[in-house]
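As structure tokens, the structure follows; a few thoughts come after it.
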Amino acid sequence: MSDILLSLRGLTKAYPGVVANDNVSFDIGTGEVHALLGENGAGKSTLVKMIYGLVKPDSGTMTLRGKAFTPAEPRAARADGIAMVFQHFSLFDALNVAENIALGMENPPPMRDLAARIREVSETYGLPLDPYRTVGDLSAGERQRVEIIRCLLQDPKLLIMDEPTSVLTPQEVEILFKTLRKLSEEGTAILYISHKLEEIRALCDHATVLRLGKNVGECVPSETSARDMAELMVGTALKTPTRAGRDMGDVALEIVALDAKSPSAFGTSLKSVSLSVRKGEVLGIGGVAGNGQDELLAVLSGEILTAAGSVKLHGRPIGQTGPTARRAIGLLTAPEERLGHAAAPDMSLTENAMLTGSVRENLESRGFLKWRAAQGFAEKIIEAFDVRTPGPNNAARSLSGGNLQKFVIGREVLQRPEVLVVNQPTWGVDASAAAAIRQAILDLVAKGSAVICISQDLDELMEISDRFAALNEGRLSEPRPTTGLTVEEIGLMMGGAHGMEVAHV
Amino acid sequence: MIVLEKRPQASQLWSLATPVVAVLATMVFGGLLFALLGTQPVEAIRTIFWDPLFGEFAFYYRPQLLVKGAPLVLIAIGLSLGFKAGIWNIGAEGQYIIGALTGAGVGLAFYPLEAWYIFPLMVIAGALGGWAWAMIPGVLKVRFGTNEILVSLMLVYVAEQLLASMSLGLLKNPQGFGFPGSRNLNEYESANSWINQNAGLHWGVVAATIAVIFAYVLLNRHMLGFHIRLTGDAPRAARFAGVSPGRLVLFCLGASGMLAGLAGLFEVAGPAGQVSIDFNTGYGFTAIIVAFLGRLHPIGILLAGLLMALTYIGGEIAQSQMGLPAAAIQVFQGMLLFFLLALDLLTNYRIRLKSREVA
């Protein structure tokens with residue numbers, strides 16, 4: 001780790017209204033695992049986009065192996081040995097693994113040779129993958145492997161990974177880390193973007209912390225506590241959510257032996273799912289993305305209708321009740337996908353407040369809309385959940401992901417739900433906002449609401465839920481009390497390593 | 001290098017300015033076209049845009065503006081509801097024909113009785129006829145997932161055949177000396193849609209005005225209109241909000257069919273006067289352009305309908321007085337749509353000049 005692979009000096013990039021990166025400098029050594037830490041909006045994405053040639057810096061220089069490095073586009077960056085695994089996979093469900101990989105190549109070799117190379121690389125790095133399997137049938141962890149192998153086939157000198165573990169079970173994370181360590185031993189540098197501090201402590205040699213676009217500090221993660229890193233990241237002392245003592249009441253919401261077919265061809269159908277949640281209780285539902293989370297939420301929101309008796313609110317069958325009527329009786333939901341599902345991108349925040357708030361917040365009378373009241377409600381959400389926006393007339397898509405998430409969650413929480421179902425409530429939200437959202441959920445529960453929290457963030461589920469269950473291929477495990485659960489037990493509930501092997505190091 | 005950059009939100013200024021700029025650009029480039037054809041460009045533009053309104057014979061052309069504009073606005077208002085929700089009724093022309101047939105049919109059935117209730121009955125029949133014709137693609141889409149664009153378009157040709165058959169058969173004027181076409185409703189007092197023929201005022205003009213106001217209130221103040229806009233912007237969010245997609249499809253197709261049917265009835269009972277083989281003149285298709293030219297906004301559609309009518313009337317004058325070929329006028333009208341759609345890009349994107357040098 002002596003020689004420097006990539007050196008960044010004074011990188012600055014400003015967008016209208018914000019300076020995304022302000023004079024950022026640091027070095028990445030050959031074979032180093034370098035963490036890039038920061039809250040949402042700290043400028044991590046912009047920084048790696050500059051390295052990957054997607055964004056051009058306003059000023060500052062990059063030097064790759066001693067030579068000036070100015071990639072005009074990702075193709076140029078790839079030619080210089082930079083590879084990137086994005087958080088969102090760009091794979092075609094209907095094509096197989098080898099076809100997907102060939103699509104991303106400049107001059108793809110014949111399919112048979114490519115398949116052989118995929119096999120070879122995947123076995124070397126302990127990422128077994130059948131080149132002829134259809135991507136639509138793969139688990140999230142396996143899809144990520146496709147992306148990683150796609151990068152490894154380029155023989156990269158620097159591999160950039162953006163939040164790679166958000167879609168993995170603990171066992172799968174272990175396998176990924178072994179692969180990454182092996183790569184690093186062979187001299188490939190890794191720029192690892194994450195906000196999961198324990199992971200960074202376990203994996204990374206060095207960390208650079210960004211805050212509001214500035215490089216605010218560097219540390220050696222293994223020698224720094226997670227709390228210190230978090231405070232460096234946030235800039236202030238973190239407030240951990242507190243849970244008041246709870247009285248559990250009667251069963252509020254119940255699902256009985258529910259089978260529901262997914263509306264999409266590559267979705268996961270729910271298979272004999274049963275659960276119940278009581279007043280004053282948080283039921284955490286974990287599991288890797290794509291194992292039926294969206295379908296479970298749709299069944300509860302009323303977007304998928306089921307047999308009347310298989311969903312019950314306060315003992316009353318509501319399986320055939322539509323979304324609006326469910327809201328009226330106190331069952332509120334917040335889907336994972338913010339833009340396009342929970343909120344309409346081109347509509348203003350006021351209109352988006354109307355979207356779910358019309359019934360309970362009394363924003364309509366006999367079909368006619370009370371826009372002034374809706375604007376008031378939107379302002380209330382913006383105020384209470386610290387949504388950063390010029391005002392309620394701004395379009396939803398003009399908000400950053402984290403801010404829109406605060407708005408979407410706030411919109412439901414402020415409607416005083418009797419049962420609230422949230423999917424990925426803090427996904428892409430910075431640490432302090434995530435803490436605020438969790439606190440809001442706990443406050444709701446303290447007032448006697450029941451909450452079902454679907455999430456892939458296990459730390460989050462452990463922090464707020466009373467009982468934990470996991471979705472795996474559309475089946476829900478038996479819920480168990482959270483206290484006393486070990487990481488291994490949770491991993492097994494989530495389906496273990498999904499038949500993956502550990503790297504042969 | 002010119003780069004298009006997506007605006008964080010749509011520019012209010014540009015969404016208002018684009019129609020005006022598009023009209024100006026059409027004048028400039030249309031003028032150029034006319035000059036190349038050897039005509040005085042300024043005079044040609046003046047003939048098209050000025051003479052119908054303020055020229056020597058404006059007293060004749062101004063009422064024409066209402067006569068041509070009303071059906072366009074009425075149909076386009078209906079279409080815009082569906083278009084906003086991503087439901088594409090391309091077959092307004094067919095619904096227009098059927099509305100005219102059912103409406104005129106009811107009127108002719110009472111001939112020669114004179115009574116106050118005949119015209120209202122015709123209005124209801126015209127609306128129902130258009131509605132029913134639009135329900136065919138609607139029900140097929142909801143029930144079997146067919147594509148409403150194809151079905152509604154194909155039904156236009158079916159309607160045209162039906163029109164031909166009616167004007168040669170069932171509705172043919174028994175005293176028409178064997179010529180195709182029905183009795184002239186203009187000569188049948190109770191079945192006449194004129195209010196003041198000299199002013200170009202018929203009930204269709206009134207209906208178009210009411211439709212504009214109604215659509216404005218619906219889209220801006222009512223839950224149903226909100227759901228229509230929501231479905232167009234984010235169908236998943238609409239379902240999440242509790243919209244039933246099937247019901248919305250039926251409403252949008254039904255409403256647009258009904259208004260197109262009404263437009264057909266008012267036309268057959270007024271300006272056209274009778275059911276004839278060549279009764280339909282493409283209002284149903286032109287209204288699609290009007291809907292987009294008006295940015296799917298009720299007030300915009302009102303203005304766009306009048307503008308479209310103006311270019312039609314002006315174009316006819318330019319043809320007859322200046323000898324401009326009909327094709328040149330059509331190119332001119334095409335330019336208008338082209339510039340509008342091209343400039344529309346500026347509502348959501350901004351153009352930035354970027355130097356190519358690398359930082």
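The values are calculated or read from the model by the stated rules, or taken from the named source; none is laboratory data. What you are looking at is a predicted structure, and each value in this text was computed from that prediction instead of being measured. Cβ sites come from the backbone with ideal geometry, for glycine too, and all protein chains shown count toward neighbours. Keep in mind that these areas ignore ligands, DNA and RNA; they rest on the heavy atoms of the full protein, side chains included. Shrake-Rupley method; radii C 1.70, N 1.55, O 1.52, S 1.80 Å.
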key: Flagged links, alpha-carbon separation over 26 Å, of A:Lys49/A:Lys157; A:Lys261/B:Lys84; A:Lys196/A:Lys261; A:Lys312/B:Lys84   = A:Lys261/B:Lys84; A:Lys196/A:Lys261; A:Lys312/B:Lys84
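Taking the Cα centre of chain A as origin, work out the dipole magnitude from +1 charges on Lys and Arg Cβ and -1 charges on Asp and Glu Cβ, in debye rounded to 20.
Taking the Cα centre of chain A as origin, the dipole is about 1280 debye.
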message = Only bridges whose two residues both fall in region A:251-493 count here: according to DSSP, what percent of them are antiparallel, nearest 5?
response = 50 percent
query = How much area per residue is accessible in region B:32-141 when the probe is 1.4 Å and only protein heavy atoms are counted (Å²)?
reply = 41 Å²
key: Furthest towards positive pole of dipole, B:Ala109, B:Ser193, B:Gln333, structure part chain B, Cβ charges   = B:Gln333
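Please report the antiparallel percentage of DSSP beta bridges with both residues in region A:4-234, rounded to the nearest 5.
50 percent
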inquiry  = Students often check this: by mean Cβ neighbours within 10 Å, which of B:335-346, B:92-103 ranks highest, and how do the rest follow?
reply    = B:92-103, B:335-346
inquiry  = Only four residue types carry charge here, +1 at the Cβ of Lys and Arg and -1 at the Cβ of Asp and Glu. Report the dipole size of region A:1-100 about the Cα centre in Debye, rounded to the nearest 20.
reply    = 260 debye
task = List every residue whose amide H lies under 5 Å from the amide H of A:Ala334, counting only residues 5 or more places away in sequence or on a different chain, with H placed 1.01 Å from N in the peptide plane.
result = A:Val421, A:Val422, A:Asn423
task = Please get the size of the charge dipole for region B:40-323, origin at its Cα centre, with Cβ charges of +1 on Lys and Arg and -1 on Asp and Glu, quoted in debye to the nearest 20.
result = 1100 debye
remark   = If each part is reduced to its alpha-carbon centroid, region B:121-152 and region B:174-206 end up apart, in Å, by 26 Å
request  = State, as an integer percentage, the relative contact order of chain A based on alpha-carbon contacts under 8 Å between residues 6 or more apart.
outcome  = 16 percent
Largest to smallest principal axis extent of the C-alpha atoms in region A:4-234, angstrom = 48, 37, 33
ask   = Per the Debye formula with a single identical scatterer at each Cα and no solvent contribution, what log10 I(q)/I(0) holds for chain A at q = 0.11, 0.12, 0.13 Å⁻¹?
value = -1.00, -1.18, -1.35
ask   = Once the Cα gyration tensor of chain B is found, what semi-axes does its equivalent ellipsoid get, as square roots of 5 times the eigenvalues, in whole Å, sorted largest first?
value = 36, 29, 17
message = Compute for region A:316-377: radius of gyration divided by Kirkwood radius, i.e. Rg/Rh, restricted to C-alpha atoms, rounded to two decimals.
response = 0.99
ask   = Counting partner chain Cβ atoms within 10 Å of every residue's Cβ in A:392-402, what's the average?
value = 2
task = Estimate for me the total accessible surface buried between chains B and A (protein heavy atoms, probe 1.4 Å, no ligands or nucleic acids), in Å² to the nearest 100.
result = 2600 Å²
